[in-house]
Amino acid sequence: MPRVDHYQDPNAPAPNSLVPAASVVVLQDGKVLMHRRSDTDRWSIPGGGMEPGESIKDTAVREAREETGYDIEIDRLVGVFSDPNHVVSYDDGEVRQQFSVCFAGHVIGGNPRLSAETRQVGWHTPQDLEVMTEDEVHPSILLRVRVALQGEAAAYIG
């Protein structure tokens with residue numbers, strides 16, 4: 001299902017869906033775990049929609065494993081990201097407003113692995129991410145990483 005991110009776009013389609021999702025900024029040795037998405041070819045942190053029967057924390061752990069091959073443990077809440085000016089449209093007509101509970105975590109096992117959702121897995125320094133273009137990493141992902149790197153301050157709500 002091809003997707004198009006509309007970010008602060010006055011011509012974006014109106015959202016018709018809202019799906020609880022989790023994402024996670026996995027940190028190790030000053031680097032951030034990222035995967036290159038198959039559908040957009042952008043680097044992203046692991047994340048995706050919550051499934052019935054799981055907690056939002058379990059969603060983050062599952063998505064990290066599915067998209068990167070790593071088993072992670074959640075350390076803390078980074079924030080809630082629900083910008084109504086960020087919608088994602090799909091070719092089936094769904095237009096989803098962003099709603100992601102973002103966590104910070106660390107690796108406890110596993111090995112890098114590709115999947116249908118992932119073309120590449122890698123570790124990036126914050127400096128690497130700051131010089132990437134919007135075609136390489138979405139601004140909403142950079143925001144989550146920046147907030148996570150600020151440490152244990154109050155959770156972001158926006």
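Computed from the coordinates by the stated procedures, all read-outs in this text should not be read as laboratory data. Since we're looking at a predicted model, the values are computed, not measured. Using ideal geometry, Cβ is built from the backbone for each residue, glycine included, and neighbour counts are taken over all protein chains shown.
Some values worked out for this structure:
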| item | result |
| --- | --- |
| Backbone N within the stretch 106-133 under 16 Å of label point (7 Å from Glu66 Cα along the Cβ vector) | 113-119 |
| Descending semi-axes in whole angstrom, ellipsoid equivalent of the chain, from the Cα gyration tensor | 23, 17, 17 |
| Mean separation of Cα contacts under 8 Å (6+ apart) over length of the stretch 3-157, as relative contact order % | 32 percent |
